[in-house]
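J.: Take this structure, written in structure tokens, and hold onto it; I'll ask about it next.
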Amino acid sequence: MSIPAGRHRSTGHRVAGAGRLPGLVAAVPGRLAGLRGTAATTAPAGWRSRGEPDADATAWTVRTLRTLAAIFVVIWSFRLSGYLTFGTWLAVPVVLMGLTGLLPSCRPGLPAGTLAGRRERQIDLFVLAAVIAGLAIWTYFQIYIAPDYGTDEIAFDQYAAQLALHGINPYLHSMAPAFPLFHVSPNGYTFLLNGQPLTKLSYPALAFEEYLPLLAMGISTQAAVWTEVAAWALGAVVLYAVLPRKLVPLAAIVVSLDVFTGYAVGGVTDFLFMPLLIGAAAGWDRFAWTRGPAAWRGPVLMGLAMAVKQTPWLVVPFVVAGLVLESARLRDWAQGLRDGLRYLAIAAVAFLIPNLPYLLNSPRGWLSGILTPLTAQTVPAGQGLVSLSLSLPVGGGSLRDYNSAAIVVLVGLLACYLATYPALKPAAFLFPSIVLFFAARSFGSYLVMLIPAAVAAAATTQRAQLSAPWRYWKWVVSGAAASCVLAVLAALTSPSPLVISIRSTAPPASWPRWTS
């Protein structure tokens, strides 16, 4: 960023007399010329000016990422070695993965230029393939040891797919038979406030339609888990494809994190939208000036991700608002609104296509099903703000207050996003996780499943030239922060609707009395 004349370079503040500096320099060219090459003006070797990119630091950052990705291959060999008692053949992949993980980790020690860029890319791809292979083998043993389904959502989705395969609308049938069919423990149920488990299909149609290919081939045993793991592996491949070349090792690192691998085999179905949302996040801000098939990629993938689960719904307001602002800065507000509506229309069509058969068959049943997470009176649970009420005597008297707090946070974040745009543009895909943190049901999967897409968005969105935010942005941020604090305090201080008091400890008169 260039500093206007008359301002200090490091702070941007006006400097007294700075406006006369060009004339002074012109008046004494000889003296200034004589200073060239002296210690006062010549920087030592290896030094760089403030604001100048440090190429050496960037190179070592890339080397560190590649080393960390290779180390995860070694970690996968450690994970698999714990199952050697279940199959001696496992010693072969354990040894191979350990060796192939150690060798690439030595790359940072090689002199610069030893490996060509194409060779580096091939090694990065080999490391990613190794960790995906480790994930597949590890998943096999997880299923072998614990073949039961861990959550009702994955059981419901596979049962719904089986019904759809036979021409039955799953939105019109109870999902209760899925509990014994897939041996779901009561710990995996979603309970209502009346104490009964939820037995209704609660997701859009693509959540179970992705299981249809395996079921059509006659593969039903653990079909849902294998589909989830395959979707997660595909998400890592998509992340590898869209990231800049220097950041591609992140794909192998992210796919190997315990929180994701545990959710993948544990019955969390969010992985079905993971590759779709990562693809939609890559370069999403270029939609306004992109034409042809490339322009359709983002909204189509966004619509399909929305057709899997409700979490991507919360991303859409930030993306559409950002597109309107991007287009308005280049052209005008009318064109910006048209571009935003065009993106929204394409995404809506992509969302409706997989849902259309069930929407036409029973509009009321389909709409009631996909809105169940928003309308059902389910018990509070999760690792977000509500955990204070679940574990400590803090608030919890009104679940509506928690959901209201989430809505206030959503509106506040959107207002800050608009007022400071484009400063918060790289975080557009991560804001819904912050919103869900304050909801009455805020499971850990809600908080981390958007991270891969957020990484893709942050790494591929264009860095706009630094521009001044809206002049009243500080008031917007202050008002949003105050509103969020008040909403959270209301949720944490709401009194309990029920009060239990012990009036007597004597047994009722009707109880038998034993005498010696």
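The values are calculated or read from the model by the stated rules, or taken from the named source; none is laboratory data. Since we're looking at a predicted model, the values are computed, not measured. FYI the Cβ positions are ideal-geometry reconstructions off the backbone, even for glycines, and counts take in every protein chain you see. Just so you know, the surface numbers come from the protein's heavy atoms only, side chains and all, with ligands and any DNA or RNA stripped out. Shrake-Rupley method; radii C 1.70, N 1.55, O 1.52, S 1.80 Å.
J.: For the stretch 310-319, name all the residues that are in a helix (DSSP H, G or I) and open to solvent by less than 30 Å² (accessible area, probe 1.4 Å).
T.: Across the stretch 310-319, the qualifying residues are Thr311, Pro312, Val315, Val316, Phe318, Val319.
J.: Which numbered condition in (1) within 17 Å of Leu492 (Cβ to Cβ); (2) open to solvent by less than 20 Å² (accessible area, probe 1.4 Å); (3) in contact (Cβ under 8 Å) with a residue 60 or more places away in the chain is the only one that Val408 fails?
T.: Result: Val408 fails condition (2) only.
J.: Still on this structure: Given (1) among the polar types (S, T, N, Q); (2) surrounded by fewer than 23 Cβ atoms within 10 Å (Cβ to Cβ); (3) under 23 Å from Leu447 (Cα atoms), identify the lone condition not met by Ser256.
T.: Going through the list (1) among the polar types (S, T, N, Q); (2) surrounded by fewer than 23 Cβ atoms within 10 Å (Cβ to Cβ); (3) under 23 Å from Leu447 (Cα atoms), Ser256 breaks only (2).
Table: residues versus (1) open to solvent by 20 Å² or more (accessible area, probe 1.4 Å); (2) in a helix (DSSP H, G or I); (3) more than 21 Å from Gln158 (Cβ to Cβ).
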site	(1), (2), (3)
Phe260	no, yes, no
Val265	yes, yes, no
Leu276	yes, yes, no
Ala288	no, yes, yes
Arg291	yes, no, yes
Ala294	yes, yes, yes
Pro299	no, yes, yes
Gly303	no, yes, yes
Val308	no, no, no
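J.: Which is more than 26 Å from Val435 (Cα to Cα), at pLDDT 95 or above and either more than 15 Å from the chain's Cα centre (by Cα) or not small (Gly, Ala, Ser) (or both), of Leu276, Leu234, Leu304?
T.: None of the others qualify; the one that does is Leu234.
J.: Tally time: how many residues in the stretch 388-422 are touching a Leu at 6+ places or on another chain (Cβ under 6 Å) and of a type in the set (A, V, I, L, M)?
T.: 1
J.: Now a separate question. Here are some conditions: (1) modelled with pLDDT under 80; (2) under 22 Å from Gly262 (Cα atoms). Ser105 meets all but one. Which one does it not meet?
T.: Unmet for Ser105, out of (1) modelled with pLDDT under 80; (2) under 22 Å from Gly262 (Cα atoms): (2).
J.: Return only the number of the condition from (1) open to solvent by less than 50 Å² (accessible area, probe 1.4 Å); (2) modelled with pLDDT of 90 or more that Leu430 does not satisfy.
T.: Leu430 satisfies all of (1) open to solvent by less than 50 Å² (accessible area, probe 1.4 Å); (2) modelled with pLDDT of 90 or more except (1).
J.: Next question. Mind checking which helices (runs of 4 or more DSSP H) fall wholly inside the stretch 166-252 and carry at least 1 residues that are under 30 Å from Ile71 (Cβ atoms)?
T.: The qualifying helices (runs of 4 or more DSSP H) are 223-242.
J.: So, in the stretch 67-91, of the ones that are assigned to a helix (DSSP H, G or I), free of Cβ contacts under 8 Å to residues at least 12 places away in the same chain and open to solvent by less than 90 Å² (accessible area, probe 1.4 Å), which residue ends up farthest from Leu128 (Cα to Cα)?
T.: Looking at the filtered set, the residue picked out is Leu84.
J.: In the stretch 360-400, which residues are open to solvent by less than 40 Å² (accessible area, probe 1.4 Å) and under 20 Å from Gly303 (Cβ atoms)?
T.: If the condition is that a residue be open to solvent by less than 40 Å² (accessible area, probe 1.4 Å) and under 20 Å from Gly303 (Cβ atoms), then Trp366, Gly369, Ile370 are the ones that fit.
J.: If you check Ala440 against the conditions, is it open to solvent by less than 20 Å² (accessible area, probe 1.4 Å), within 16 Å of Val319 (Cα to Cα), of a type in the set (Gly, Ala, Ser) and in contact (Cβ under 8 Å) with a residue 24 or more places away in the chain?
T.: No; evaluated as a whole, the condition is false for this residue.
J.: Which of the residues that make up the stretch 168-208 are loosely packed, with under 14 Cβ neighbours inside 10 Å, within 30 Å of Ala350 (Cα to Cα) and in contact (Cβ under 8 Å) with a residue 24 or more places away in the chain?
T.: Matches in the stretch 168-208: Ser174 only.
J.: Given (1) closer than 22 Å to Leu214 by Cα; (2) buried (at least 19 other Cβ atoms within 10 Å of the Cβ), identify the lone condition not met by Asp124.
T.: (1)
J.: Are any residues in the stretch 228-246 crowded, with 19+ Cβ neighbours inside 10 Å and touching a residue at least 40 places away in the same chain (Cβ under 8 Å), and if so, which ones?
T.: Hits for the stretch 228-246 are Glu228, Val229, Ala231, Trp232, Ala233, Gly235, Ala236, Val238, Leu239, Tyr240, Val242, Leu243.
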